[in-house]
Amino acid sequence: MVIWVMYIVSVGAGKNQIPLIKACKELGLTTIGIDKNPLAEGFQFCDLKIIESIYNYHEIFLQLKELLVFDDIAAVVTRSYGQAIKTVAYLCQQFKLPNIDFLNVDTLIDKSTFRTISLQHDIPMPQGNILYKKDVHKFNTKSFPCIIKPPRGHAKESVKLVDSYQELRSYMKAIKHDSVLIEEYIDGDEIIVIGFVHNRTFYIFDISDKILNAKPYFVDRMHILP
């Protein structure tokens, strides 16, 4: 009797990844964990492990090929963001699994480009524009409070609410890049809608309320599901 084993590749095996790895195990799937830390906490729940930085997506692909599981990988998953998303996209493309096109990942990371594309497809966005360091003195002070963020980045990295011209100048002096994206501040509840796209149709499978700490950084404290 031949037993067909299906594998799940977990990009990352740190503490944050453990719930996802355990969920895969509960489904009876064989899990391959990837992390540069040989002592990563999630490795204890994985069947196989690859000790490699999640930034090195091509090297990860080669090591997966050496495991001879090329045709038996059911999915590549992560609970992380940033570079992990890029690695997941690359591996899915190599294994012909549905995911974001690898070449489009940088479009999502570039916040200015993402704004432009969203508006072109009639997706509402807060009013905003690019502000260069050399033009800080021209900024309209009537625009405060506003949200300031780097032109490229992941999640809420370096995203801040600024209430004054002094705060804006301090932020601009501290950054390494020459420009930032300025957006209007919209006060209200923050809600997360998670889903997937199939044949250009978006299907919702989860909605949650996000509870945040005090401004200006709005760090997540908890997520409440209906």
Using a Förster distance of 41 Å, how high is the FRET efficiency between residue 134 and residue 194, based on the Cβ-Cβ distance and rounded to 0.05? 0.55
Subset of 173/210; 142/210; 176/215; 138/160 violating a 26 Å alpha-carbon distance limit: 173/210; 142/210
FRET efficiency for residue 203 and residue 121, using Cβ-Cβ distance with R0 set to 22 Å, rounded to 0.05: 0.80
Under 19 Å from the 7 Å Cα→Cβ point of residue 63, by amide nitrogen: which residues of the stretch 95-136? 95
Once you put a point 7 Å from the Cα of residue 71 and another 7 Å from the Cα of residue 55, both along the Cβ direction, what distance in nm separates them? 3.6 nm
Sort 132, 90, 165 so that the residue with the fewest other Cβ atoms within 10 Å of its own Cβ comes first and the one with the most comes last. 132, 165, 90
With only Lys, Arg, Asp and Glu charged, each at its Cβ (+1 for the first two, -1 for the last two), find how big the charge dipole of the chain is about the Cα centre; round to the nearest 20 debye. 700 debye
Order of 196, 114 under a 10 Å beta carbon neighbour criterion, fewest first: 196, 114
Quick check: net charge around residue 149, other residues with Cβ under 10 Å of its Cβ, Lys/Arg +1 and Asp/Glu -1? +2
Using a Förster distance of 35 angstrom, determine the FRET efficiency expected from the C-beta separation of residue 152 and residue 26, and round it to 0.05. 0.40
Counting DSSP beta bridges with both partners in the chain, what percentage is antiparallel, nearest 5? 65 percent
Neighbouring Cβ atoms within 10 Å as the yardstick, rank 29, 62, 20 fewest first. 62, 29, 20
In the Gaussian network model of the chain, springs joining C-alpha atoms below 10 Å, which of 201, 116, 87 carries the largest mean-square fluctuation? 201
Post the alpha-carbon centroid distance, the stretch 24-55 to the stretch 147-208, in whole angstrom. 31 Å
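Just so you know, all these numbers are worked out from the coordinates, no wet-lab data involved. Given the structure is predicted, the values throughout are model-derived calculations rather than measurements. Neighbour counts run over all protein chains shown; Cβ positions are idealised from the backbone, glycine included.
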